[in-house]
Amino acid sequence: MTRSYTKGKRAEHEAETRQRIVEAALALHGEIGPNGTTISLIAERAGVQRHTVYAHLPDERSTLMACSGMHMDRAPLPSPDGWSGLDEPEARLRAGLSALYGWFERNEQLLALVFRDAETNDTLREVSELRFRFV
C-alpha cells in the first residue's frame, strides 16, 4: 500500500514565500521601476536567497505578470457599474472619466515608472499592453 503525499504546511510556507517575493518586487517597481529591479534587490527585500526568487519567478515575464496581477488585484480598475446606469450621457461621461482619472492618480508613481521603462523593455511593454488592453 502506497501512502499519498500532500505538502500541507510546506505548501503554505511556499505560498507565503512567493507572496513576500512578489510584494517585494512590486514595491521595488513602484520605487525604482521594473528596469532597476534586480533579483538581488528582490531577494534582499523579501528576506530570501536569490535562488529562492528564481524558484518562484524564473524569468522577467513571470515576475512582471505576478507583480501586475497582484497590483490589479489590490487596485482594480474602476467598474462601469458605478456610472453605466446614469441616464444623462454627460453625467455618465463625467462619472466614468472621474473614476478612471482617480485610479490613474492613485497609481501615478508606479504607472509612471512602468510606462517609462516599457519604452525600452519589450517584455514589460508586452505585459503592460496585456494588462491595460481594455483601458
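The values are calculated or read from the model by the stated rules, or taken from the named source; none is laboratory data. Note that this is a predicted model, so its numbers are computed, not measured. FYI the Cβ positions are ideal-geometry reconstructions off the backbone, even for glycines, and counts take in every protein chain you see.
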Pairing a residue in segment 1-24 that is at pLDDT 85 or above with any residue that is loosely packed, with under 14 Cβ neighbours inside 10 Å, where Cβ atoms lie under 8 Å and the two sit 6 or more apart in sequence or on different chains, gives GLU14/LYS7; ARG20/GLY47
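What about LEU77, is it at pLDDT below 95 and under 28 Å from GLN109 (Cβ atoms)?
On the way: at pLDDT below 95: yes; under 28 Å from GLN109 (Cβ atoms): yes.
It is true that LEU77 is at pLDDT below 95 and under 28 Å from GLN109 (Cβ atoms).
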Which pairs turn up if I take residues in segment 40-56 that are modelled with pLDDT of 95 or more and look for partners that are basic (Lys, Arg) with beta carbon separation below 8 Å, at least 6 apart in sequence or on another chain? SER40/ARG50; ALA43/ARG50; ALA46/ARG20; GLY47/ARG20; VAL48/ARG20; HIS56/ARG18
What residue, of GLU23, GLU31, GLU16, is part of a helix (DSSP H, G or I) and either at positive phi or surrounded by fewer than 11 Cβ atoms within 10 Å (Cβ to Cβ) (or both)? GLU16
